[in-house]
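Have a look at the structure below before the remarks.
The values are calculated or read from the model by the stated rules, or taken from the named source; none is laboratory data. Computed from a predicted model, the values in this text were never measured in an experiment. Here the Cβ is made from the backbone with ideal geometry for all residues, glycine too, and neighbour counts use every protein chain on show. With ligands, DNA and RNA removed, areas are computed over all heavy atoms of the protein, side chains included. Shrake-Rupley method; radii C 1.70, N 1.55, O 1.52, S 1.80 Å.
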Amino acid sequence: MLFFINFKTYDESTGKNAAELIRTIEKKFSGNSSMIVVLNPLDSMIDTTLQKYIQTAEPLAAGPFTGHVPIGVVRKYNYSGVMLNHSECRISTDKIGESVAMASNLGLKSLVCADGLEKIKEVMPFKPDFIAYEPPELIGGNISVSTAKPGIIEEAVKLLKGTKSKLIVGAGIKNKLDVRMSRKLGAEGILVSSGVVKSPEPIKVIVEMMEEVV
Ligand code: G3P
């Protein structure tokens, strides 16, 4: 199972605070291939021994693209993957397809977010490495996707069975029971943000949840 921590753009997880949080996570999980941090493009210069993905990028090569985040330059910052179409940063289906293809050509993994089964069906043909099911209404809340949507997770598992894409689930995941339930339902990873980043004791929460990441 994989544990993605989306740093989003919280005060607690950007700039200096992002670097500090990463150093804390590294102390415990450096070299652990299940642990992946998902950083805002603003924090691209933070180097880490952890695997890191970028929160969004566009299907562009290096070039004259002021203010854009071209997939073509992402590798320079030691990212190993690109997250695409998060609910807070949606892009068109065409762009998802182009981005997954470009990322794959450059040896980057792709994690495509989907808000439901229809979207999962739509992006499956692009063969991303991961599809993250995240119901938007549960993001940042206290009820986890595994508690509120077990049936949809099971359906998504069936849909992705035998394909290249692994199912990740996210939204409202806060403790090890949520992780255990996600795993039992067949998810191959979790995507967490506020449960870790906004916690007064992030590393305690991570360590606890990681016990279930097997
Ligand atoms: O990408 C992760 C995310 O949207 C879930 O957020 O705060 O519910 O863990 P949160």
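Do we find that Asn175 is within 19 Å of Lys52 (Cα to Cα), open to solvent by 20 Å² or more (accessible area, probe 1.4 Å) and not hydroxyl-bearing (Ser, Thr, Tyr) in this structure? So Asn175 does not fit the description; no.
When you check Phe130 against the structure, is it within 13 Å of the ligand (Cβ to nearest atom) and modelled with pLDDT of 95 or more, yes or no?
Working: within 13 Å of the ligand (Cβ to nearest atom): yes; modelled with pLDDT of 95 or more: yes.
Yes; evaluated as a whole, the condition is true for this residue.
Only residues that are open to solvent by 20 Å² or more (accessible area, probe 1.4 Å) and among the β-branched types (Val, Ile, Thr) were counted across the range 78-136, and they come to 2.
Looking at Ile143, Ile203, Ile173, can you tell me which residue is in contact (Cβ under 8 Å) with a residue 60 or more places away in the chain and out of contact with any Pro (no Cβ under 9 Å at 6 or more places or on another chain)? Among Ile143, Ile203, Ile173, only Ile203 is in contact (Cβ under 8 Å) with a residue 60 or more places away in the chain and out of contact with any Pro (no Cβ under 9 Å at 6 or more places or on another chain).
Per-residue answers, yes or no, for (1) among the small types (Gly, Ala, Ser); (2) crowded, with 20+ Cβ neighbours inside 10 Å; (3) modelled with pLDDT of 95 or more:
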{"residue": "Met1", "(1), (2), (3)": "no, no, yes"}
{"residue": "Thr14", "(1), (2), (3)": "no, no, yes"}
{"residue": "Asn32", "(1), (2), (3)": "no, no, yes"}
{"residue": "Ile36", "(1), (2), (3)": "no, yes, yes"}
{"residue": "Met45", "(1), (2), (3)": "no, no, yes"}
{"residue": "Thr49", "(1), (2), (3)": "no, no, yes"}
{"residue": "Lys52", "(1), (2), (3)": "no, yes, yes"}
{"residue": "Glu58", "(1), (2), (3)": "no, no, yes"}
{"residue": "Ala62", "(1), (2), (3)": "yes, no, yes"}
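Within the span defined as the range 10-18, one or more residues are among the charged types (D, E, K, R) and away from the ligand (no atom under 16 Å from the Cβ). The listed residues are Val205, Val169, and the only one of them that is over 17 Å from the mean Cα position of the chain (by Cα), within 14 Å of the ligand (Cβ to nearest atom) and of a type in the set (A, V, I, L, M) turns out to be Val205.
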